[in-house]
Each structure stands twice: as C-alpha cells, then as structure tokens.
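Comments concern the structure below.
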Amino acid sequence: MCFMLAVFVPGCLETKEASPAYVNQATLDSLGWTMSGEPQVESMIQMVGDVEIVMNTATVNYIDEDLMTDINRQISDQGGIKDPGNSEGDFSSLFMTTRVALPAGITLPEQVLTGIIDASIQNMEQESEIKEFYQVGEETVTINTASTVPARSYEGYIESGDGENIMFKIRGVITSWADEGTTIIVLGVIPAEDMIIKESTDVMSSGTFTITINEEQEYQDILALIQNME
C-alpha cells in the first residue's frame with residue numbers, strides 16, 4: 001500500500017541512479033581480492049501490480065586473486081597441468097554486489113527481490129558451471145553498519161573440464177539490506193572442499209591429485225567483504 005501511494009504521488013515516479021556498491025580498497029588489498037571487469041549499470045522496466053516502474057541497478061564483481069594464484073601454483077607443482085575448471089578461465093572465489101533503486105526510494109518488494117536473487121544465481125550457475133545450487137539453510141551476517149541481517153546459505157558443486165576431470169562442492173552466501181533509499185544485494189561463492197583433479201596423463205601413478213583449499217579462510221573473506229562495503 002505504501003509503495004502504491006508513493007508511486008501515484010506527483011513527482012515520485014523518477015528513479016534515481018543506482019551507484020555501484022564497492023568494497024573498501026584497503027580491504028581488497030589486505031585480503032588479496034580484486035574487482036573483475038567494470039561495474040555494470042542497467043535500467044529496466046519492472047511491473048509491480050498494474051504499475052510500470054523504472055528500476056536502476058549497478059553490479060560489481062570481485063574475485064579472490066590470491067586463491068587463483070595459489071591454485072595455479074599448486075597445478076604447476078603437479079607437473080604443469082593447466083586449468084582445473086573449464087578452459088575459458090581460472091577458478092576462484094567470487095563476490096558480487098548489486099545496488100537496486102526504485103522510484104521514491106522505496107525498498108524492493110519481497111517478490112521483486114526474490115526474482116533478482118534468483119536471476120543472479122542463474123547467471124552465476126551458467127558462467128561458473130555450477131550445478132544443483134540449492135538453499136540449505138539460513139545464517140546471520142554483520143554488515144557495514146555493524147547491524148546483523150539474515151543470509152541464505154547455498155550448496156552446489158562444479159563438475160567440469162574435458163571429460164569432467166574435476167568435481168568439488170561449493171558454498172554460497174546471499175543477503176540483502178536497505179541502504180539510503182536503495183537495496184543492496186550481495187552474493188559470495190567459495191569452494192567448500194579440496195579439489196580432486198583427475199589426471200589424464202601418466203604424470204601421477206594414482207591418476208589424481210589434490211588442490212588444497214582453506215574453506216574457512218575463504219568464508220571469513222566473504223564476511224570481511226560484506227562488512228567493509230562503502
């Protein structure tokens with residue numbers, strides 16, 4: 001009801017720009033993370049009931065560069081074998097922030113918020129070849145204002161490479177909160193266990209080797225990124 005009243009008040013239909021929600025650079029430097037690509041700013045039409053509104057979004061992607069370097073080093077130590085994932089890029093933990101702005105500074109209705117989160121999950125599943133990425137529970141995380149918000153916990157797995165030579169579990173954390181008339185959505189995805197790689201050559205007699213992953217450290221990184229957003 002409040003949303004509908006705000007929309008029909010003259011002059012309230014204008015939607016302000018959605019500025020990117022960045023992570024503090026000092027935090028990125030200390031954790032070994034980096035921004036991946038440029039922020040993506042979009043404007044789209046969204047139907048809320050019978051009302052057509054403009055919704056502006058700004059998305060920023062980050063990757064754990066230190067983890068990527070460590071994985072590549074471990075691969076190199078195993079005889080120069082390349083690319084434990086798909087052949088299009090290196091694997092690492094991911095962190096994505098999306099700021100969404102609606103007319104009159106209204107926060108996202110639950111139905112719209114759920115749709116955006118589902119779309120973000122689908123995009124990440126396709127880009128990172130994540131399979132069966134399902135919600136498994138809820139937890140509480142601390143945001144940059146020192147308050148706590150509920151977060152959804154997800155689990156899935158990656159199985160990729162030529163002949164599906166790698167399979168390992170991944171963990172996701174998704175949360176959102178209102179921020180100065182906008183809504184911020186964050187999504188973090190990390191490896192949840194060591195990677196077992198099937199070797200297709202005779203380099204190792206066992207036919208496999210293990211890439212060690214510090215899952216707890218990666219999870220703490222995600223929490224630190226959430227707490228240090230600007």
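Would you say Val60 is surrounded by 18 or more Cβ atoms within 10 Å (Cβ to Cβ), part of a strand (DSSP E or B) and at pLDDT 90 or above? It is true that Val60 is surrounded by 18 or more Cβ atoms within 10 Å (Cβ to Cβ), part of a strand (DSSP E or B) and at pLDDT 90 or above.
Restricting attention to the stretch 1-27, the residues that are part of a loop (DSSP other than H, G, I, E, B), of a type outside the set (Phe, Trp, Tyr) and either surrounded by 13 or more Cβ atoms within 10 Å (Cβ to Cβ) or at pLDDT 70 or above (or both) total 11.
Taken over the stretch 113-150, the residue count meeting the criterion of being charged (D, E, K, R), more than 20 Å from Asn56 (Cα to Cα) and without any contact (Cβ under 8 Å) to a residue 12 or more places away in the chain is 1. Among residues of the stretch 205-230 that are within 30 Å of Ala146 (Cβ to Cβ), those with a beta-carbon under 7 Å from a residue that is in a helix (DSSP H, G or I) at least six positions away or on a different chain give the pairs Glu218/Leu67; Asp221/Leu31; Ala224/Thr27; Ala224/Leu31; Leu225/Thr27; Asn228/Thr27. For the stretch 193-210, filtering for residues that are at pLDDT below 55 and in contact with an Asp or Glu (Cβ under 7 Å, 6 or more places away or on another chain) leaves 0. Of the residues making up the stretch 28-57, those that are buried (at least 18 other Cβ atoms within 10 Å of the Cβ), at pLDDT below 95 and under 21 Å from the mean Cα position of the chain (by Cα) are Met55, Asn56, Thr57.
The values are calculated or read from the model by the stated rules, or taken from the named source; none is laboratory data. Given the structure is predicted, the values throughout are model-derived calculations rather than measurements. Cβ sites come from the backbone with ideal geometry, for glycine too, and all protein chains shown count toward neighbours.
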